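> Take a look at this one; I'll ask things after.
The values are calculated or read from the model by the stated rules, or taken from the named source; none is laboratory data. Predicted model, so just to flag it, every value in this text is computed and none were measured. All Cβ positions, even for glycine, are placed from backbone atoms using ideal geometry, and neighbour counts span all protein chains on display.
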Amino acid sequence: MRTDSFISMFERHGIQKIKIPIIQRDYAQGRPDDVAKRIRKNFLGVLHRALTGGDPVSLDFVYGEIALGVMTPLDGQQRLTTLFLLHWYIVARAGVQGGDSEVLGRFTYETRYSARLFCEKIVAQRPTFPIAHLSEWIRDQSWFFGAWRHDPTIQSMLVVLDDIHDLFRSSDCVAAWERLVDRDGPAVVFHVLSINDMGLTDELYLKMNSRGQPLTKFEYFKANFEKTIREASPDQYREFSHKIDNAWADLLWPLRGGDDVIDDEFMRYFRFVTDVLAYRSRMNVSAEALDKDIDDGAALVYGANNPNWEANQRFLFDAFDGWIGISIPQFFGSMFTEQGWKPGAVAIYDSVNLFDACCRDYGKMEGRNRKFSLPRALMLFAALMHRISDTENFSRRVRTVRNLVFGSENEIRLENFPTLLADTSDIVEKGGLATVAGYNGKQVEEERNKAAFLKEHPELEEALFRLEDHPLNRGSVAAFELDAATFARRAAAFLEVFSEEGFVPLLEISAALLACGDYSQRKRTNRYQFGSAMRKDVWRQLLTGTPSSDFSNTSGALMRMLDAIGGTAAAPVQTRLRDVVDAYLAAQVRACLYDWRYYLVRYDEMRVGDSGLYVGPENEGKGFDLCMMIKQQMNSNYRDPYLYAVFTRSGAVANVDLEDPWYTGYQTEERWLTLSRSGARLRCRPEGFVLNPPQDGAYRDAFAEVVKNQNIDAGLTLRIQQVSKDSVLYDTQDRVQIGAALVRDLVAMKPG
């Protein structure tokens, strides 16, 4: 089919006038939104290159009715308007008079009178250059109506004229005009399709692909990306064009939204694949960059200027083709579980259909967090590599990936993604860990140890995998000893204590575990992490977090507890836990040795801090001066566990007998238990309880009587008898009981 230029179309088709019809939308290429800016920049750039020495450019088809010498465009209004403005500008800059320039007067708008009149006025003008801002010059003319400043089509034309002026300001416009009007080889051409056997009706207009509506972002992307593919490889362009409208559309159709289109779903998965390629090749193209300008970003990854364009395009095609011919929900349902162990599957603690989740959520944000997280992106990438490469033993290899992903919270960051993707690919395709460099080193070492353990003891695979899939472990068994003689029994006991299906008695577990040893992990010089009676996530951090120097304490106490309760499996879990606690407490009572551990085990209220974190004096270890944290910061409310136990065991009523003992501020600040009526106070110190007299003088005599009866010394200190053993300070009397009795006496005081 023969092509035409803007000039020759009038000659060849007998066109005397081009009228943009009323049913067409406003001229939109000059709009200020990001989509229009990108389209305008790309389109004008193509035209500029064609007119300043580059290859000629084809603008595809222009559809319209030609009747009685008048062409009414149905599709091509935007391109024709831009060409009209470009020709007017080149004519003005080149000083062309008459001849081919006369066709400019044959272009008009019927959309509104103002646009038609504006076109007539500028055709009659020949600005004198140089001009700084062409739109300002036009607005300053006497024929420019003030109301035109609010006409969207005219304002768009002015924006485009300014952009044309900026591009061609230093160009040879005489040569550009010659290239435009060249009859043998014009620089800008298109195909004119005349529909002479049909009248212009709304029905016909709708049949022409609803061109009266703005094109979607996806339609713009598709057109630009097809060009990127075509410039690199005509063969792959034909493959892409066929698949995106057929096999890939069928693939994504089940994921369509309520609008019955799959544009967004395609773009999210496309961005995932493009991000993978960009990070693997260490290009500076991220999802954020694609959000800003997806056409430019995609061209950098897949365009002919990228030395890896062929491999990148092939990977993109394979990334879609890899899901064709299978039930995607069934595939992910067989490979993964949301929770719990299933033969051949791996728990990932979230919806298992990663392909579906990616198509719906990739690139979305919830606050500051990615809705489709980086760990899930790595898991989907592992599944994709398996589909592309048809790897062996995928269920075992993806388990290793899962373990590393959930064990590398600090390492999974965008700056590490190139290495993490390489590691994941190596594990899925080769099955080894020798080259892994991006994931957490501790977790990598654990994976090597587990692999060696199972090689020697394959019969323990199910026990290990069940333990790994538990939501508190999520792939890590750092707290367990890989001892073949005890592993299965201890694993079974753990799964029973930390049940995935029923109630988990965290308060009792925290007591039994502490009865088996100081399992805490030291976070800083005076911060100690224990389990929480309220939050399972604290236990996950405790059991799997990066070990500090005393992480072995956690493991040792856990193994002793599991051994203790595993020997009496017939009894309920809570009964067995209580038996462990009772045995420990009985031994301490017989020896009259009451240290901090005894008190935390003995009194449940001393373990109710949500965070499981305790703060003690700097460099003094745990003892009788502790803060039981609800949150992590000292500027939040917290409890003094000893005073709280004294308060609860005294039977006093909060805010009636005693002020509810909440505290805030640094650990070194004094913490007092205050009586509501008398104002007397007491605080817990390593040596015992220190008192302050009542603020109300009416209670002075009654307070003196309490001091006398309780054998409180002149310094108002109720001293607890103590002994030191193996550098540990023990009370020989239960200070909580003594303190509770003291509080009861103080509450009972009557004013004189």
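> Here are some residues: ASP151, ASP162. Which one is in the same structural domain as GLN78 (by TED's automatic domain parsing), touching a helix residue (DSSP H, G or I) at 6+ places or on another chain (Cβ under 7 Å) and at pLDDT below 90? First the steps, then the outcome.
On the way: ASP162 fails: at pLDDT below 90.
When all the criteria are applied, what remains is ASP151.
> Report the residue count in region 426-443 for those that are surrounded by 20 or more Cβ atoms within 10 Å (Cβ to Cβ) and not in a loop (DSSP other than H, G, I, E, B).
Of the residues in region 426-443, 3 are surrounded by 20 or more Cβ atoms within 10 Å (Cβ to Cβ) and not in a loop (DSSP other than H, G, I, E, B).
> Considering only region 512-626, give the strands (runs of 3 or more DSSP E) lying wholly within it that have at least 1 residues that are surrounded by 15 or more Cβ atoms within 10 Å (Cβ to Cβ) and among the β-branched types (Val, Ile, Thr). Steps first, answer last, please.
Working: elements: 521-524, 527-529, 613-615.
Correct list: 613-615.
> Scan region 643-669 and report the pairs whose first residue is touching a residue at least 24 places away in the same chain (Cβ under 8 Å) and under 22 Å from PRO686 (Cβ atoms) and whose second residue is surrounded by fewer than 18 Cβ atoms within 10 Å (Cβ to Cβ) and of a type in the set (S, T, N, Q), with Cβ atoms within less than 8 Å and a gap of 6+ or a chain change.
Close Cβ pairs satisfying both conditions: ARG649/GLN737; TYR663/ASN637; GLY665/ASN635.
> Can you tell me which residue among LEU482, LEU472, LEU464 is over 29 Å from the mean Cα position of the chain (by Cα), buried (at least 17 other Cβ atoms within 10 Å of the Cβ) and assigned to a loop (DSSP other than H, G, I, E, B)?
The unique qualifying residue is LEU482.
> While we're here: On the basis of being over 30 Å from the mean Cα position of the chain (by Cα), β-branched (Val, Ile, Thr) and closer than 20 Å to LEU626 by Cβ, does THR575 make the cut?
In short, no.
> Tell me the residue from ARG106, ARG112 that is among the charged types (D, E, K, R) and at pLDDT below 90, please.
Exactly one of ARG106, ARG112 is among the charged types (D, E, K, R) and at pLDDT below 90, namely ARG112.
> Checking LEU414 against (1) surrounded by fewer than 16 Cβ atoms within 10 Å (Cβ to Cβ); (2) over 15 Å from the mean Cα position of the chain (by Cα); (3) touching a residue at least 60 places away in the same chain (Cβ under 8 Å), only one condition comes out false. Which one?
The single condition LEU414 does not satisfy is (2).
> Quick check on my filter: what residues within region 224-275 are within 27 Å of the chain's Cα centre (by Cα) and outside any helix (DSSP H, G or I)?
Across region 224-275, the qualifying residues are ARG256, GLY257, GLY258, ASP259, ASP260, VAL261, ILE262.
> Report whether or not ASN440 is in contact (Cβ under 8 Å) with a residue 60 or more places away in the chain and polar (S, T, N, Q).
Details: in contact (Cβ under 8 Å) with a residue 60 or more places away in the chain: yes; polar (S, T, N, Q): yes.
The answer is yes for ASN440.
One line per residue, one yes/no per condition, for (1) on the phi < 0 side of the Ramachandran plot; (2) in a helix (DSSP H, G or I); (3) outside the structural domain of VAL160 (by TED's automatic domain parsing):
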{"residue": "ILE18", "(1), (2), (3)": "yes, no, no"}
{"residue": "ALA50", "(1), (2), (3)": "yes, yes, no"}
{"residue": "GLY53", "(1), (2), (3)": "no, no, no"}
{"residue": "SER58", "(1), (2), (3)": "yes, no, no"}
{"residue": "TYR63", "(1), (2), (3)": "yes, no, no"}
{"residue": "THR72", "(1), (2), (3)": "yes, no, no"}
{"residue": "SER114", "(1), (2), (3)": "yes, yes, no"}
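> Kindly evaluate ARG106 against the criterion of being buried (at least 16 other Cβ atoms within 10 Å of the Cβ) and not aliphatic (A, V, I, L, M). First the steps, then the outcome.
Details: buried (at least 16 other Cβ atoms within 10 Å of the Cβ): yes; not aliphatic (A, V, I, L, M): yes.
So ARG106 fits the description; yes.
> Ok, one more. Identify the residue in region 59-76 that is surrounded by fewer than 21 Cβ atoms within 10 Å (Cβ to Cβ) and of a type in the set (Gly, Ala, Ser) and, among all such residues, is farthest from PHE107 (Cα to Cα).
Checked region 59-76; the qualifying residue farthest from PHE107 (Cα to Cα) is ALA67.
> Looking only at region 329-381, count every residue that is of a type in the set (Lys, Arg) and crowded, with 21+ Cβ neighbours inside 10 Å and tell me the total.
0
> Out of region 323-344, which residues are within 25 Å of the chain's Cα centre (by Cα) and modelled with pLDDT of 95 or more?
TRP323, ILE328, PRO329, PHE331, PHE332, GLY333, MET335, PHE336, THR337, GLU338
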